[in-house]
1. Quickly run through the range 71-93 and pick out the residues that are within 19 Å of Glu53 (Cα to Cα) and touching an Asp or Glu at 6+ places or on another chain (Cβ under 9 Å).
2. Find all pairs meeting these conditions: Cβ atoms under 7 angstrom apart; at least six residues apart or on different chains; first residue within the range 25-36 and farther than 14 Å from Tyr93 by Cβ and without any contact (Cβ under 8 Å) to a residue 60 or more places away in the chain; second residue open to solvent by 30 Å² or more (accessible area, probe 1.4 Å) and of a type outside the set (A, V, I, L, M, F, W, C).
3. I'm trying to understand the selection: among the residues of the range 53-104, which are among the small types (Gly, Ala, Ser), modelled with pLDDT of 95 or more and within 22 Å of Thr35 (Cα to Cα)?
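The values are calculated or read from the model by the stated rules, or taken from the named source; none is laboratory data. None of these values were measured; they are calculated from a predicted model. With ideal geometry, Cβ positions are generated from the backbone for all residues, glycine too; neighbour counts draw on all protein chains shown. We work out accessible area using only protein heavy atoms, side chains counted, and drop any ligands, DNA or RNA first. Shrake-Rupley method; radii C 1.70, N 1.55, O 1.52, S 1.80 Å.
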Amino acid sequence: MKKEQNSAGMVYQGEENTLVMELDSKLDGDGLIDTISHEMIHVKQIATGLLRETKGKTYWRGKLVDRKKVKYWDQPWEKNAWRNQAILANSIYRLVPIKRKNRK
């Protein structure tokens, strides 16, 4: 997934009120928790209506955002996910006995 999509994970609308999360199968423990945390922020955004996709158009907080004109790091839903994923990941690390690597 990382090579093909340049992504460690993604969430998208599945059939009838379902969301699908795809994760890179080569993620290590830290990468898996960090990626799941990031993608779960997107799940929350979609479930609460902050992020919505309709007929190929993306809306953030009800406003249309042209993905082609906004770089990945400037997309408001990504800024929100990157800002909040550490909070969720740290909660998971407190519950799951995984030794965390020192990241620089």
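1. Kept after step one, since they are within 19 Å of Glu53 (Cα to Cα), are these residues of the range 71-93: 71-81.
The answer is Tyr72, Ala81.
2. Between residues of the range 25-36 that are farther than 14 Å from Tyr93 by Cβ and without any contact (Cβ under 8 Å) to a residue 60 or more places away in the chain and residues that are open to solvent by 30 Å² or more (accessible area, probe 1.4 Å) and of a type outside the set (A, V, I, L, M, F, W, C), the close pairs are Lys26/Lys2.
3. Hit for the range 53-104 is Ala81, nothing else.
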